[in-house]
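Here is the structure we will look at, set down as structure tokens.
Every number here is computed from the coordinates shown, using simple stated rules; none is lab data. Computed from a predicted structure; not experimentally measured. Neighbour counts are summed over all protein chains in view; Cβ atoms, including those assigned to glycine, are modelled from backbone coordinates with ideal geometry.
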Amino acid sequence: TWSAVPAGPPDAILGVTEAFKRDQDPRKINLGVGAYRDGNGKPFVLPSVKKAEEIISQSGDKEYLPITGLPEFTRRAALLAYGAESAPLKGNAVAVTQSISGTGALRIGGAFLARFYPHSKTIYLPTPTWGNHTPIFRDSGLEVKGYRYYDKKTVGLDFEGLKADLQSMPEKSIVLLHACAHNPTGVDPTQAQWIEISNIIKEKSLFPFFDMAYQGFASGSTSKDAFAVRHFVSEGHQVALCQSFAKNMGLYGERVGAFSLTTADPEEKARVESQLKIVIRPMYSNPPLHGARIASTILGSPELYSEWEGEVKGMAERIISMRDRLYDNLVAQKTPGEWGHIKSQIGMFSFTGLTTPQTKALAEKAHIYMTADGRISMAGLNAHNIDYFSESVSRAVKG
Ligand code: LMR
């Protein structure tokens, strides 16, 4: 029956973890998937998460959630993203559903837009973007195109290219924006640039679709990282927003996220939510319970919330300290090239500029694993492995 099924390639990101697991060398390092590791390279369960789990273990059943998830979770998630001053939140005009983390949010959003967005079936993604964006939107039934984002020469934002491409899109096209900590490049627009982007998007009546998978991870502050989303909303844009609690609460495997749309008024919101349910029900019926309870407990308790904010900041700071060390090491080892971007890039990743052959050589000779585009998860570096990593990179670059 399946003789005509061709073997598929390994996933560009999760396939790296598979290769890492097969490697038996004690020096091996996995810088592939964006998953935080502590200073000893171990997965990190946030203390605020452990406390929330203690609280919820005292109560609660295992009943089904509603199709759109745990109401107190979605309310608090929307508040975290949009902020208490948000006009659509205050006006009860945000349609929101729990999702199976960020990927699930993107998929619900893609499917909803493919079915109901009347003006366009084309979504423009930044070049490059997270490897899963293209298949998510393609499988949702949208046509996927790209806009200029990253400039290889400056290892920074191609702001002129980005603006020109927004200007030349057909009116009302859908544009995917990484709200903060752009994955894979770590290159974000400045606040002034976001304001310009918002103006062009308004002039062209484009539809902004935000992916916010790293709120808190870029700057260490959840409100600063929400600048783009909040600015767009305050400018009167209607937005789509995907949220993930994988990174900022370390809830990777719990699959906790949210998808929301700002709408005109409570009546429109109710209609939109009714259709979100109809999109979701045949996909997975209703979302998992445990992670949403954790996130909701943290977001709903002033003490746990401030403890969590400190923990997010701590994770962001450890990553920044690794950026400084990596930069210093590469310079001290007289590694050919300019390495300032390691320090200026934001969030969990650094887009090193290493070529695919260099990444292959690092895996084969040094047991160091990263995606083929040269992206490294900074969180995989620590005081124990950073010197070995820097020396290996230096050697790979010197050839
Ligand atoms: C990544 O880019 O490494 C993360 O977003 C994890 C994933 O699912 O790819």
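Before moving on, here are some points about what is shown:
- Cβ-Cβ FRET estimate between Arg138 and Asp324, R0 fixed at 41 Å, reported to 0.05: 0.55
- Neighbour counts of C-beta atoms inside 10 Å place Lys224, Lys153, Lys50 in the sequence Lys153, Lys50, Lys224, starting with the fewest.
- Bridgeable lysines around Lys51 (alpha carbons under 24 Å apart, same-chain partners fewer than 8 residues away excluded): Lys42, Lys62, Lys247, Lys313.
- Here Lys121 is the anchor, and the lysines within straight C-alpha reach of less than 17 Å, apart from those fewer than 8 places off in the same chain, are Lys145, Lys172, Lys204.
- Footprinting exposure proxy ranking of Ile136, Ile55, fewest other C-beta atoms within 10 angstrom first, gives Ile55, Ile136.
- Highest mean packing comes first when the peptides 167-173, 186-192, 91-97, 59-65 are listed by Cβ atoms within 10 Å, giving 91-97, 186-192, 167-173, 59-65.
- Charge tally around Leu251: other residues with Cβ under 13 Å, Lys/Arg +1 each, Asp/Glu -1 each, net +1.
- Computed over the alpha-carbon pairs of region 339-399, the distance histogram in 10 Å steps reads 22, 61, 17 percent, short to long.
- Pairwise Cα distances in region 65-300 exceed 23 Å for 44 percent of all pairs.
- The charge dipole of the chain, taken about its Cα centre with unit charges on the Cβ of Lys, Arg, Asp and Glu (plus for the first two, minus for the last two), comes to roughly 660 debye.
- Full extension of the chain between Lys360 and Arg395 yields a length gain of 11.3 nm, computed as 0.36 nm times the residue separation minus the alpha carbon distance.
- Glu254, Glu307 arranged by Cβ crowding within 10 Å, fewest neighbours leading: Glu307, Glu254
- Positive end of the dipole of region 65-300 (Cβ unit charges, origin at the Cα centre): among Thr122, Ser99, Ser219, the Cα lying farthest that way belongs to Ser99.
- Asp38-Tyr388 pseudo-label distance in nm [points 7 Å out on the Cα-to-Cβ vector]: 2.0
- Computed over the alpha carbons of the chain, Rg followed by Dmax gives 21.1, 63 Å.
- Long hydrophobic helices in the chain, taken as whole DSSP H segments with a C-alpha length of 20 Å or more on their own axis and mean Kyte-Doolittle hydropathy at least 0.5: 101-116.
- Kirkwood Rh and Cα Rg combined as Rg over Rh, evaluated for region 52-198: 1.02
- Estimated distance in nm for a label pair at Ser234 and Lys334, the labels positioned 7 Å out from Cα along Cα-to-Cβ: 5.1
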